[in-house]
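First the structure, in the form of structure tokens, and then the observations on it.
The values are calculated or read from the model by the stated rules, or taken from the named source; none is laboratory data. Bear in mind that the values here come from a model prediction, so they are computed numbers and not experimental data. Ideal geometry is used to build each Cβ from the backbone, glycine not excepted, and the neighbour counts take in all protein chains shown. Remember, those area values only see protein heavy atoms, side chains included, never the ligands or the DNA or RNA. Shrake-Rupley method; radii C 1.70, N 1.55, O 1.52, S 1.80 Å.
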Amino acid sequence: MAELLQAAGLSKHYGSTVALDSVDFAVPSGITGLLGPNGAGKSTAIKLFLGLLEPTGGQALVMGEEPYSLPAARSRLGYMPEHDCLPSAITASEFLTHMARVSGLPAADARTRAADTLRHVGLDEERYRSIGEYSTGMKQRVKLAQAIVHDPVMVFLDEPTAGLDPMGREEMLDLIRRIGTDFGISALVSTHLMGDVERTCDEILVIDAGRVTHQGAVKGFTEETQTMYIEVDDRRDQLVAALADRGIEANGDGHGPLLIENLSDDGFDAIRDALVASGAPLRRLAPGRAQLSDIFKASGTERESGMSNGQ
Amino acid sequence: MNKPQGEVFDIGYQPYEGAREGRNAARKALLIDGMRTALGMGRGLTAKILPGLLFLALLIPALVFIIIASVVGQTGIDDLPGVADYYQGAIYPVLIFSAIIAPELLTTDRRNGVLSLYLVRPITSSDYIIGRWLAFFLLSLIVVWVPQLLLYIGVNLGSTDAWEYLRDNWDDIPRFLLAGAALALFTTTLPLAAAAFTDRRAIAAALVIGIWVIALAVGNALSDGIGGTAGAWLALIDIGSTPLHINDMIFNQASDGPGRAAEEVPKAVRIGWYLILVAVPAAFLYMKYRKVSA
Amino acid sequence: MTDRDANGTPTIRVDSVSKWFGNVVAVNDVSLEIRPGITGLLGPNGAGKTTLLHMINGLSAPSEGEITVLGEPVRNNPGIYNRLGVMAEHEAVYGFFTGRAFVEFSARLYGLNDVPAMVDKAIKAVNMADAQNRPLGEYSRGMRQRMRLAASMVHDPEVMLLDEPLSGTDPRQRIEFSELLAELAKDGRTIVVSSHILEEVETLADSILLMISGKLAAAGDYRAIRAKLDERPYTVSVGCSEPRRMAAALVGLDEVDSVTVDAEGRVIVLSKNVSVLQLAVPKLAQDAGIRLERVEPLDDSLESVFGYLVDA
């Protein structure tokens with residue numbers, strides 16, 4: 001896979017605070033989730049790749065070039081900030097056209113691409129109304145639209161679902177997924193929500209205390225375990241007994257799911273038969289799965305460096 | 001018999017294979033956008049009121065003079081304010097126009113966060129600030145030149161022999177162009193520099209107008225009160241009259257507006273003072289925006 | 001999930017409450033009861049959740065109807081705040097205050113006797129002891145949220161109303177926050193949490209309140225709510241050794257609405273009568289000698305329930 005972003009010995013210091021400590025990593029094409037505690041170097045990393053900050057040491061490369069010193073390197077990048085960044089007095093259509101032009105598109109192309117992009121993000125007639133009149137969900141779409149209107153190779157999305165209600169969040173995550181699969185644009189999604197990552201990302205990158213602590217495919221962090229979980233709506237005790245009769249030990253506390261470790265292939269039939277024998281209504285039968293949040297459950301010392309501009 | 005034909009067209013996302021024009025196109029887009037913002041274009045009716053009113057405030061005196069000139073004929077013309085005196089009166093609407101509208105170009109983008117979106121595009125923050133400055137400067141040039149042009153033509157037509165008038169007074173044209181540019185330079189740079197201090201347009205406007213008014217009052221009061229050479233130098237405190245000094249030097253005439261006491265001060269000093277009043281805010285503005293990183 | 005005493009007195013009672021601002025009816029004739037434990041308050045943006053919370057915490061008066069907390073009215077009753085803790089969604093804090101000073105300030109406002117001890121306890125509970133002496137202005141968003149939570153619970157209130165308390169917090173903080181809330185609830189407190197992150201509310205809350213356009217659309221245990229959505233058949237995914245035979249067997253049941261086999265070989269069954277299905281699947285598998293490997297409900301989550309209710 002082509003490496004779009006590359007950090008080589010990348011460091012950033014703010015006075016005596018070290019935001020990034022000589023990190024090395026590469027972000028491939030596709031959708032990558034960027035995770036990590038607040039103030040631990042995530043936003044600093046994004047700003048370095050966008051050319052908004054200058055590295056103190058090492059390099060931040062976008063397709064081999066340095067965005068800080070070479071403005072042209074930014075022409076294939078897009079940014080959807082977390083903070084408010086939209087004018088309120090003009091229409092989405094006009095705003096997008098203007099942004100497309102500043103990204104280097106000729107006037108006519110800027111206009112048509114602006115219209116197309118707004119359609120692709122789901123804004124239809126609304127695009128002729130002033131942005132000031134938009135709901136949060138619509139504004140997020142405009143923010144996303146201006147990030148992709150110039151057909152970038154990679155977009156940086158910072159907390160794209162912030163402030164959205166569940167339906168809005170669902171739609172935004174679908175949109176992000178489509179950007180990767182249908183539009184062919186890669187993305188680096190910075191988020192605190194595991195649900196966002198699970199629904200959109202192929203890879204994750206975790207930055208904590210200025211260092212990369214985890215990197216890899218999402219699938220690698222959400223593998224199925226060897227434990228089988230059984231949830232029944234009733235007759236739980238009878239099921240436990242029926243399983244024991246067939247030589248299967250089932251554990252579980254109170255009224256929660258039953259856990260069975262190291263089930264052999266023949267064990268499935270035993271479970272099935274135990275269910276029938278006990279008459280327990282089966283709600284769920286599935287292997288356990290590692291969770292992304294497990295990465296953060298491992299105890300670590302508090303790493304808040306408390307930089308207000310590291311947010 | 002032919003089978004009916006049908007087609008489905010792909011209106012999904014298309015990658016962009018067209019031209020990508022680079023920095024100059026981006027700068028041009030910024031420039032045009034800056035001029036449009038200042039004029040309130042594409043922003044509804046209310047945004048156009050202020051620029052419209054102020055432009056009228058400048059045009060109307062010129063038009064009035066033209067009408068009067070056509071009525072009084074040659075004899076009266078010399079008594080009317082001409083292009084040399086125009087800025088003495090026009091400077092006030094221009095100052096107000098600039099103080100109120102110029103900050104708009106900077107404060108709004110900072111306040112609503114759009115600046116971050118510019119900075120991640122293939123332009124630099126200095127491109128941005130130069131583009132904004134230039135947009136307002138060009139607009140100001142139009143604002144200060146058009147009335148003068150009308151006045152000149154009008155007075156010209158009013159005279160008995162237009163061609164003779166033109167031959168005798170052709171040098172007025174480059175003079176008022178230069179004087180106008182000097183005025184526009186001054187009224188563009190100071191308000192924009194003030195806008196770098198605050199995110200609220202009203203405060204920037206109040207700051208600039210306040211400084212001008214106070215400087216006017218204090219400068220003239222001190223200079224009148226103390227008098228003599230010291231008084232002349234003190235009149236330089238009235239920074240708002242600096243462009244008028246330049247105007248008077250260009251037209252080689254005596255100053256008779258506010259701050260006229262400073263006429264005694266050597267030309268070089270007055271020119272130097274003007275340059276400082278333009279260069280220092282400009283440098284400040286440039287430095288402030290070079291460091292911005294969204 | 002805590003067992004709830006359904007016969008006890010509710011901590012919070014909202015009785016036929018409406019609130020309008022001119023023509024805008026933000027809350028429309030809502031009646032509900034909230035008991036000890038964690039209750040999730042959900043709904044689309046603009047559904048009236050924040051307005052409802054403001055009325056419950058006494059900040060605003062209902063246009064109609066009555067609200068009592070712990071048996072007392074909330075309006076004109078400053079004493080109630082000794083037992084009520086509130087954390088709003090957005091709050092400006094003075095950047096120059098240290099975190100500790102902020103919590104102390106709150107403690108003093110509540111007129112606590114042993115301020116240092118209570119403050120220590122609150123700060124420890126939110127795991128901010130290390131950073132407590134730094135100014136709030138230097139905190140990240142998640143740190144501020146935690147200090148604000150400490151300030152809202154320093155007086156050990158019985159009732160806590162939290163509006164998007166996890167907003168801006170990172171994954172580790174979210175886990176810790178949730179654990180903290182669960183601890184507090186276990187001690188018998190009544191905690192209302194308004195949140196948009198359904199997957200978290202699903203594990204955290206014992207029951208939910210769903211508001212749509214100012215009205216209360218659903219209340220209670222989300223699975224029980226799901227069961228009441230008659231018109232929506234349950235969707236269950238079955239993984240087994242012989243999908244097609246399984247599918248054939250399932251489609252023969254009257255209670256099954258439809259059966260499909262997806263690209264991964266899973267049998268997707270839709271049925272309005274989930275209890276019949278729950279017994280039928282193992283039985284049919286056994287009768288046909290099919291190995292049953294996986295059974296997973298696909299629309300059993302809070303998210304699906306939310307989606308169905310909002311769509312309706």
* Structure fact -> Within segment C:90-115, residues touching a residue at least 12 places away in the same chain (Cβ under 8 Å) and surrounded by fewer than 14 Cβ atoms within 10 Å (Cβ to Cβ) come out as C:E91, C:Y94, C:G95, C:F96, C:G111
* Kindly establish whether A:T136 is among the β-branched types (V, I, T), at pLDDT below 95 and under 23 Å from B:G12 (Cβ atoms). => no
* Return yes or no: is C:P62 within 14 Å of chain A (Cβ to nearest Cβ), open to solvent by less than 40 Å² (accessible area, probe 1.4 Å), more than 30 Å from C:G137 (Cβ to Cβ) and assigned to a loop (DSSP other than H, G, I, E, B)? => no
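The rows are residues; the columns are (1) open to solvent by less than 60 Å² (accessible area, probe 1.4 Å); (2) among the aromatic types (F, W, Y); (3) under 22 Å from A:L4 (Cα atoms); (4) more than 9 Å from chain B (Cβ to nearest Cβ).
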| site | (1), (2), (3), (4) |
| --- | --- |
| A:C85 | yes, no, no, no |
| A:R101 | yes, no, no, no |
| A:L118 | yes, no, no, yes |
| A:R127 | yes, no, no, yes |
| A:K139 | no, no, no, yes |
* **First in segment C:292-306 and more than 9 Å from chain A (Cβ to nearest Cβ) and open to solvent by 10 Å² or more (accessible area, probe 1.4 Å), second anywhere and outside any strand (DSSP E or B) and acidic (D, E), Cβ under 9 Å, 6 or more apart** => C:S301/C:E199; C:S301/C:E202
* Structure fact -> Note on segment C:269-287: residues more than 10 Å from chain A (Cβ to nearest Cβ) and open to solvent by less than 30 Å² (accessible area, probe 1.4 Å) are C:V269, C:S271
* segment A:39-73: number of residues that are farther than 20 Å from A:D21 by Cα, at pLDDT 90 or above and open to solvent by less than 10 Å² (accessible area, probe 1.4 Å) -> 0
* To do: State yes or no: is C:V201 within 14 Å of chain A (Cβ to nearest Cβ), in contact (Cβ under 8 Å) with a residue 24 or more places away in the chain, in a strand (DSSP E or B) and open to solvent by less than 30 Å² (accessible area, probe 1.4 Å)?
  => no
* Asked: Can you tell me which of A:G216, A:G288 is free of Cβ contacts under 8 Å to residues at least 24 places away in the same chain, within 30 Å of C:I197 (Cβ to Cβ) and not in a loop (DSSP other than H, G, I, E, B)?
  -> A:G216
* To do: Taking the options B:A26, B:A90, name whichever one is part of a helix (DSSP H, G or I), more than 9 Å from chain A (Cβ to nearest Cβ) and either under 30 Å from B:A215 (Cβ atoms) or of a type outside the set (D, E, K, R) (or both).
  => B:A90
* **Within segment B:13-43, considering residues that are at pLDDT below 85 and open to solvent by less than 40 Å² (accessible area, probe 1.4 Å), the one farthest from A:A107 (Cα to Cα)** => B:G40
* To do: Answer yes if at least one residue in segment A:1-18 is touching a Cys at 6+ places or on another chain (Cβ under 8 Å) and either more than 9 Å from every other protein chain (Cβ to nearest Cβ) or closer than 23 Å to B:R290 by Cα (or both), and no otherwise.
  => no
* Criterion: in contact with a Ser or Thr (Cβ under 7 Å, 6 or more places away or on another chain), within 13 Å of chain B (Cβ to nearest Cβ), open to solvent by 10 Å² or more (accessible area, probe 1.4 Å) and part of a helix (DSSP H, G or I) - qualifying residue of A:R111, A:R178 -> A:R111
* Out of A:T91, A:T117, A:T97, report the one residue that is farther than 14 Å from A:A147 by Cα and without any contact (Cβ under 8 Å) to a residue 60 or more places away in the chain. => A:T91
